[in-house]
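A quick write-up on the structure given underneath.
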Amino acid sequence: EGSSFVGRRGAKRCTPELLNCHQHGPSVLRMPVGRRTVAAARLQLLLFAATLWLWVGEHNTFVPSPSGSLQVATGVAPRDLVARGPRPAASPKAAASRGGVRAAAWLAAPVAVAVALARRRRSVISRAAEKKEKESGADVRQLLGMKGAGDSEDEPLWKIRLQLCKPVTWPPLLFGVVAGACASGNFNWSGDDWTNLIICMLLSGPVLVGYTQTLNDWYDKDLDAINEPYRPIPSGRITEEEVWQQITFLFVLGLSLAGIIDFRQGHFPPTVLITAIVGTFLAYIYSAPPLKLKTFWVAGCYALGSSYIALPWWAGQSTFGEVTPEIVILTLLYSIAGIGIAIVNDFKSVEGDRELGLESAPVVFGIDTAKYLAPAFKDVTQVGVAGYLFYIGEWPYALGLLALLAPQVYFATEFVKDPLKNDVKYQASSLPLFSLGTIVTACAIGANPYH
């Protein structure tokens with residue numbers, strides 16, 4: 001918006017109406033002024049050079065000046081040249097040479113023009129392909145709920161609902177459920193256990209994370225209007241009624257799936273359902289007033305961290321066994337690492353947090369301090385967990401956890417160079433390793449005869 005475009009009647013300001021490709025003639029007329037002017041100038045210069053070449057080959061000769069150097073004679077003697085007589089007849093060899101020059105000029109001109117047009121066409125195709133690839137990547141990021149997405153219109157409602165659920169945030173909770181199943185030590189490779197595991201993963205990932213993210217997007221609509229205006233709610237692509245329909249549906253579906261797992265496993269009390277209720281309540285007080293924990297950086301970050309680490313672990317272990325006090329303490333301590341993960345997530349909304357007075361870590365401590373806090377919380381916690389595994393005698397698993405930690409430290413050194421630019425890259429590269437580390441820890445717990 002605001003760029004100058006060329007239409008049939010000259011330069012016009014770019015407006016949403018002018019962006020309609022089907023109403024304003026050929027695409028070349030809508031080419032940005034700078035690109036079109038440069039392309040036309042190049043083509044005109046090439047044609048001028050070819051024409052001059054032809055003219056020189058047809059009319060000019062080179063004659064000696066009084067000083068003995070060669071000068072161009074165009075039929076009009078310059079003032080500083082000695083008047084010359086009638087043009088002498090050219091020798092057959094010179095005539096043949098001039099004929100060759102003229103023939104070469106006549107042949108080279110159309111070839112040069114054709115080459116210029118071919119280069120221009122390749123340039124246009126290349127730019128179009130780059131633009132299409134960029135738009136396609138933006139659409140994928142929009143669908144997954146990632147930072148840097150594009151603004152899209154005329155999408156089906158199911159896509160908009162999926163964007164609200166932010167699928168990119170599901171994998172850590174899926175890993176958490178698997179970790180809980182491993183820690184129970186009771187998972188068997190039977191059909192029933194696989195069914196229960198899949199139901200629990202569906203419960204913790206798409207359903208309850210979708211509920212949490214949709215609820216959070218609704219209460220963060222003013223913040224997203226500043227930081228991520230392309231999101232479905234601030235962009236106006238979904239109504240308030242449709243948002244609350246989705247929140248209610250996912251809430252009921254989540255509790256129903258938890259009840260189904262408890263019924264299939266014969267649980268009493270219904271431990272998976274209790275875990276689901278705790279999770280939905282935590283999601284509400286995290287996003288909604290009057291508590292809105294996310295407005296306080298420590299409470300908000302820890303609530304987010306525990307929902308990504310402790311709660312899915314409890315759901316997975318409750319499905320196949322019992323969540324002991326030791327597991328509760330271990331996972332709550334492990335959730336301290338989630339504070340670092342949450343701080344990294346806050347970098348994308350620094351501008352809006354400052355404007356609305358939210359106390360996120362980058363706002364409270366400043367970007368230069370918060371960028372070191374994020375990896376410190378995450379990596380130091382993992383070192384502590386590895387020490388615990390050494391303590392209970394599961395040193396192979398402890399070494400495995402430290403091996404997964406090493407590349408995370410490297411990714412952290414890249415992140416601190418520019419946290420505003422590298423936040424998504426850091427999460428994408430380090431979180432999978434962190435999640436695998438939780439599974440390694442859970443396997444150690446499940447394999448240890450005393451735990």
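The values are calculated or read from the model by the stated rules, or taken from the named source; none is laboratory data. As the structure is a computational prediction, the values presented were derived from the model and not from experiment. Positions of Cβ are generated from backbone atoms using ideal geometry, with glycine treated the same way; all protein chains shown enter the neighbour counts. Note: accessible area is taken over every heavy atom of the protein model, side chains too, but ligands, DNA and RNA are not part of it. Shrake-Rupley method; radii C 1.70, N 1.55, O 1.52, S 1.80 Å.
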Roughly how many debye, to the nearest 20, is the charge dipole of the range 151-262 about its Cα centre, given +1 on each Lys and Arg Cβ, -1 on each Asp and Glu Cβ, and no other charges? 280 debye
Return the equivalent ellipsoid semi-axes of the range 382-421 as a descending list in whole Å, where each equals the square root of 5 times an eigenvalue of the C-alpha gyration tensor. 28, 9, 5
Sorted by average packing, counted as other Cβ atoms within 10 angstrom per residue and highest first, what order do 372-383, 176-187, 238-249 take? 176-187, 372-383, 238-249
Using only Cα atoms, figure out Rg for the range 288-430 and give it as a multiple of 2.2 N^0.38 Å. 1.12
Length-normalised contact order of the range 288-388, Cα under 8 Å, at least 6 apart, in percent, tallies to 31 percent
Can you find, among TRP395, LEU373, PRO362, the residue farthest towards the positive end of the dipole of the range 352-408? Put +1 on the C-beta of Lys and Arg, -1 on that of Asp and Glu. TRP395
Using the alpha carbons of the range 200-293, what is the convex hull volume per residue in cubic angstrom, as a whole number? 95 Å³
If we sort 282-288, 338-344 on the protection proxy, mean other Cβ atoms within 10 Å, highest first, what's the order? 338-344, 282-288
Rg/Rh (Cα only; Kirkwood hydrodynamic radius) as it applies to the range 176-245: 1.22
What dipole magnitude, in Debye to the nearest 20, does the range 375-435 give about its Cα centre under +1 on Lys/Arg Cβ and -1 on Asp/Glu Cβ? 120 debye
Surface accessible to a 1.4 Å probe, per residue, for the residues of the range 285-412, Å²: 41 Å²
Could I have the simple spin-label model distance between ILE226 and TRP194, label points 7 Å from Cα toward Cβ, reported in nm to one decimal? 5.0 nm
What would the Debye equation give as log₁₀ I(q)/I(0) for the range 397-451 at q = 0.13, 0.18, 0.19, 0.24 Å⁻¹, counting only Cα atoms as equal point scatterers? -0.39, -0.61, -0.65, -0.85
Whole Å is fine, so just give me how far the alpha carbon centre of the range 328-381 lies from that of the range 244-288. 27 Å
So if we plug the beta-carbon distance of PHE268 and LEU436 into 1/(1 + (r/R0)^6) with R0 = 41 Å, what FRET efficiency do we get, rounded to 0.05? 0.75
With every protein chain in place, the range 194-271: carbon and sulfur % of accessible area (1.4 Å): 67 percent
Size of charge dipole - the range 212-365 - debye, nearest 20, with Cβ of Lys, Arg +1 and Asp, Glu -1, no other charges: 240 debye
